1. Among strands (runs of 3 or more DSSP E) lying entirely in the stretch 28-121, which contain 2 or more residues that are aliphatic (A, V, I, L, M) and crowded, with 17+ Cβ neighbours inside 10 Å?
2. Out of the residues in the stretch 13-27 meeting the condition of being in a loop (DSSP other than H, G, I, E, B) and aromatic (Phe, Trp, Tyr), tell me which one is modelled with the highest pLDDT.
3. Kindly provide the set of residues from the stretch 24-36 that are within 15 Å of Ala62 (Cα to Cα) and not β-branched (Val, Ile, Thr), ordered by number.
4. Is there any pair with a first residue in the stretch 63-87 that is in contact (Cβ under 8 Å) with a residue 60 or more places away in the chain and more than 16 Å from Gln31 (Cα to Cα) and a second that is part of a strand (DSSP E or B) and hydrophobic (A, V, I, L, M, F, W, C) whose Cβ atoms are under 6 Å apart and which are 6 or more apart or on different chains, and what are they?
5. Tell me yes or no: at least one residue of the stretch 45-67 is over 12 Å from the mean Cα position of the chain (by Cα) and within 22 Å of Asp122 (Cα to Cα).
6. Every residue in the stretch 90-109 that is touching a Gly at 6+ places or on another chain (Cβ under 8 Å) and within 22 Å of Gly26 (Cα to Cα), please.
Amino acid sequence: MNGTEARGGHVVLDYTGYSPPFEGDGEWMLQVLRNCVRRAGVREVHSHVEQFDGTESPPGFAAVVLIDESHVSAHCYSDSGLLAIDIFTCGGSDPSALADDIHREVVKAVPEIELAGRKMLDRF
């Protein structure tokens, strides 16, 4: 960051081997994200999920929680077993701790899932 301290952090989690743990898994994932945001003490601004049945987009979902100063989101291609989660926070919120909490919840519900990659980027 050119000698300056980063004002934000961005953690991305990529998973393989995802299978829906519940009917309406997009709603489940949205609730996981919202619960983890709340436990982290971050202010939720808005949340939304879209479940895709495969008619216009591949089967899966997109879930997002807008938070004060950024977002937490999850995108799933259930027919391919792919799940991508990104956590972008600014200010005093720790995206790594939030990512750890989300990861624990996902692995608890989908034990066969594999974390294929995790990256942390300093932002701003």
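The values are calculated or read from the model by the stated rules, or taken from the named source; none is laboratory data. Everything numeric here is computed off the predicted structure, so don't read it as measured data. Cβ coordinates were reconstructed from backbone atoms using ideal geometry, including for glycine residues, and neighbour counts include every protein chain displayed.
1. Working: elements: 44-52, 60-67, 70-77, 82-90.
Correct list: 60-67, 70-77, 82-90.
2. Checking each candidate, the answer is Tyr18.
3. Here is the first cut: in the stretch 24-36, the ones within 15 Å of Ala62 (Cα to Cα) are 24-34.
Scanning the stretch 24-36 gives Gly24, Asp25, Gly26, Glu27, Trp28, Met29, Leu30, Gln31, Leu33, Arg34.
4. Close Cβ pairs (under 6 Å, with a partner that is part of a strand (DSSP E or B) and hydrophobic (A, V, I, L, M, F, W, C)) amount to Glu69/Cys90; Ser70/Phe88; Ser70/Cys90.
5. Yes.
6. Across the stretch 90-109, the qualifying residue is only Pro95.
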